[in-house]
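Each reported figure results from applying straightforward, stated rules to the coordinates on display, with no laboratory input. Only a predicted model underlies this, so the values are computations on that prediction, with no experimental measurement involved. Please note: Cβ atoms are built from the backbone with ideal geometry, for glycine as well, and neighbour counts cover all protein chains shown.
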């Protein structure tokens with residue numbers, strides 16, 4: 001009897017230690033999929049297909065894993081990955097992170113656990129500085145010459161594959177503008193906007209709108225719209241795509257008072273004609289709903305709102321007008337790749353990743369996936385597939401005409417909009433500070449943050 | 001004599017097993033840290049550990065009992081070390097460097113600590129968190145105690161009330177936060193025509209978070225008070241009733257002193273939880289609205305936990321975030337240890 005008890009005790013002790021060590025030592029395994037789902041993030045990974053994955057490695061096709069940062073195109077990419085597997089035998093596991101997941105943080109976890117994906121998304125200079133030691137050089141890839149928006153480092157190397165172009169300015173409801181007799185093509189300087197706003201404002205009841213603009217400047221959840229996007233016009237509007245004057249100044253902690261004053265003039269105008277409640281406490285959904293239901297003529301968002309428009313049964317025509325902050329004409333919108341895919345330089349499947357990127361960039365199916373299925377604008381000049389959604393069409397027009405300015409704001413110090421400048425926009429919107437205070441506070445906030 | 005020899009042999013076998021186990025573990029660890037991808041290091045570690053434990057278990061010696069205790073404690077100690085002690089030590093170390101989540105390039109000493117206390121947003125977060133903690137603690141306890149009195153009185157349907165007040169606590173903070181954000185932004189401005197959202201005003205936004213937090217947490221604390229009040233002996237209450245004490249006197253002279261311990265528990269529970277407030281803060285305001293202080297705009301409702309999160313995640317300054325987290329830990333540790341001390345004193349008195 002006692003002997004049995006002893007044996008059981010030993011067995012239990014052994015099992016406990018075994019189970020512990022089993023958790024700790026299994027890092028070399030190449031079976032990533034099981035680990036991913038355990039990370040607690042909103043991973044829509046195809047771990048259920050892991051058995052299929054094993055069989056495909058037997059056929060010699062290989063397997064790569066992509067961490068995608070745009071959850072909206074998760075389904076479409078997976079569909080394309082299936083087609084790609086049929087064609088080439090290479091299995092592409094798409095793992096989409098989004099909906100508020102901290103992508104860079106998740107990737108840091110993967111790196112620490114020896115579970116880095118073969119390709120991963122990164123979103124600008126801050127991310128680049130964090131990850132630059134883990135990025136493969138893509139300069140000699142065939143698609144590089146076919147696009148303007150690949151991620152180039154300061155020494156001219158290409159490390160980021162652009163999969164889309166996004167653009168914004170001031171998006172308008174073309175039907176309302178037409179009724180009010182405002183030509184969107186004329187909106188190329190601050191005075192044109194002033195006249196247009198005044199005219200539309202005076203016709204509010206005729207047009208059936210409650211305010212002229214739908215702007216959200218609350219600093220907790222809308223900082224990215226004001227502090228990144230709208231502020232992006234200060235950094236780039238009217239400048240050549242390679243002109244980095246103002247972003248370089250900002251990185252050194254300096255601001256240009258004249259340009260900032262001009263920017264503040266425009267901001268004041270925009271805030272003055274914006275719906276008050278949405279301006280100071282609205283969320284993205286509030287802002288979008290207001291415009292999409294036809295209650296305002298303008299909204300400060302870009303072509304990414306296209307997929308949401310059917311939810312509101314939008315029947316009116318729309319387009320993007322320049323964020324023309326200055327008195328001089330600046331006829332162009334801000335368009336760039338929102339994020340890029342990098343190839344993990346220590347991964348074993350680099351060639352397979354290059355092939356996958358090439359197929360997305362240069363084949364008909366790849367273009368269809370990016371443009372038709374995902375509703376994005378292809379960053380590649382050779383793409384023949386035309387977008388169909390209204391804002392994408394408008395954006396395409398600007399891109400084709402070469403009237404675009406780059407997204408210099410993505411080179412700002414990380415988190416500056418959330419932690420420093422967003423609140424200043426909110427204070428200005430609420431009327432807590434005047435224009436002069438706005439300019440000086442932006443100056444001190446930038447110099448404090450950049451230090 | 002023969003039996004003695006057998007014992008001797010037996011002991012040697014055990015020691016050899018232990019030695020082999022240690023050797024296997026060490027070589028497995030060396031393989032792991034040297035970056036080898038060989039597949040045997042996992043099984044080797046397992047076999048080594050099994051051999052080690054088995055050897056210790058069978059080793060005949062005077063301290064056999066203590067050894068067994070250690071063997072059985074091992075899983076817990078191991079788990080605690082791996083998940084708490086080691087990360088904590090690493091955290092202290094990282095707070096002295098410029099770690100960015102992947103690697104660090106230089107050792108900074110106390111620079112992070114100095115930066116932290118000299119940055120206005122952190123000091124402001126600290127102050128606002130303390131204000132929130134004190135207000136929230138008072139409100140929650142006051143409301144919870146009153147609800148507990150209601151739910152232990154003879155009022156009709158008290159079990160329903162008890163369940164109903166507890167329900168908000170069952171909903172996740174993020175969900176609650178977004179629901180209440182909608183209420184503050186949409187419903188209240190219609191109920192009070194012409195008013196602006198509470199969340200747009202620096203002071204009212206704090207009140208808004210206090211409201212939601214109290215509403216969510218009071219039901220939970222109420223349950224603890226209910227159990228406390230129910231544990232007051234019936235005979236004492238009856239005796240006071242016979243002596244002609246009215247309800248208020250019973251409450252003040254009997255119930256409150258009898259459940260003093262419950263008060264300590266509840267006060268410290270709310271203290272710690274309010275100080276750690278993150279989810280509601282994140283979902284309702286995420287730091288907004290703005291407040292102008294000394295000519296600078298700062299976020300008015302950014303509590304410490306949110307400040308730490310933003311420092312590490314959105315600013316990508318993991319080392320500084322870690323530093324703030326460490327100070328946060330020390331404060332919470334002080335609060336908790338105070339509670340333990342107070343409770344110990346009380347127990348002695350009782």
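Thinking of chain A as a set of Cα atoms, what percent of all their pairs are more than 27 Å apart?
Across chain A, Cα pairs with separations above 27 Å total 58 percent.
Two numbers describe the Cα atoms of the range A:194-323: Rg and Dmax, which are 15.8, 49 Å.
With each label modelled as a point 7 angstrom along the Cα→C-beta vector, the residue B:235-residue B:251 pair spans 2.7 nm.
Compactness of the range B:2-110 is given as radius of gyration and Dmax, 19.6, 66 Å, from Cα positions.
Taking every DSSP helix (H) stretch of at least 4 residues in chain B, weighting each as -39,500 (n - 2.57) and dividing the sum by the residue count yields a mean residue ellipticity at 222 nm of -23000 deg cm²/dmol. Dimensions of the range A:245-299 based on its C-alpha atoms, expressed as ranges along the principal axes with the largest first, amount to 42, 19, 17 Å. Distance from the alpha carbon centroid of the range A:327-388 to that of the range A:399-451 works out to 28 angstrom.
What is the Cα radius of gyration of the range B:200-243 over 2.2 N^0.38 Å, N being its residue count?
1.99
Average projection, convex hull of the Cα set of the range A:275-342: 6.8 square nanometres. Among A:347-354, B:141-148, sorting by the average number of other beta carbon atoms lying within 10 angstrom of each residue, highest first, gives B:141-148, A:347-354. Among the residues of B:174-186, the average count of other protein chain beta-carbon atoms within 10 Å of the residue beta-carbon is 2. In plain terms, the chain from residue A:186 to residue A:261 could stretch by 24.7 nm, reckoned as 0.36 nm per residue minus the Cα-Cα distance. Among the DSSP beta bridges whose two residues both lie in the protein assembly as shown, what percent are antiparallel, rounded to the nearest 5? Beta bridges within the protein assembly as shown, antiparallel portion: roughly 65 percent.
Taking every pair of Cα atoms in the range B:173-326, average 1/r, invert it to obtain the Kirkwood radius, and report Rg/Rh to two decimals. Radius of gyration over Kirkwood radius for the range B:173-326 works out to 1.15.
The calculated 222 nm mean residue ellipticity attributable to helices in chain A amounts to -12500 deg cm²/dmol, summing -39500 (n - 2.57) over DSSP H runs of n ≥ 4 and dividing by all residues. Pairs of alpha-carbon atoms within less than 8 angstrom and 6+ residues apart define the contacts here; what relative contact order does chain A have, in percent? Worked out over chain A, it gives 23 percent. What the Kirkwood sum gives for chain B is a hydrodynamic radius of 25.5 Å, with every pair of different alpha carbons counted.
The convex hull of the Cα atoms of the protein assembly as shown, projected and averaged over all directions, covers 45.7 nm².
Here the range A:130-218 is treated as a sphere whose radius is the Kirkwood value from Cα pairs; by Stokes-Einstein at 4 °C and 1.567 mPa s it diffuses with a coefficient of 76 µm²/s. Each listed q (0.16, 0.19, 0.23 Å⁻¹) maps to a log10 I(q)/I(0) for the range B:174-264, found by the Debye formula over equal Cα scatterers with no solvent: -0.73, -0.84, -1.09. Once you have the Kirkwood Rh of the range B:72-223 from its Cα pairs, apply Stokes-Einstein at 37 °C and 0.692 mPa s and quote D in µm²/s. This corresponds to a translational diffusion coefficient of 165 µm²/s. Stretching residue B:138 away from residue B:72 to a fully extended chain increases their span by 19.3 nm, per 0.36 nm per residue minus the current alpha-carbon distance.
Multiplying the residue separation of residue B:336 and residue B:92 by 0.36 nm and removing their Cα-Cα distance gives an extension gain of 85.8 nm.
Taking the range B:46-78 and a reference point 7 angstrom along Cα→Cβ of residue A:12, the backbone N atoms nearer than 19 Å belong to B:50, B:53-58, B:65-78.
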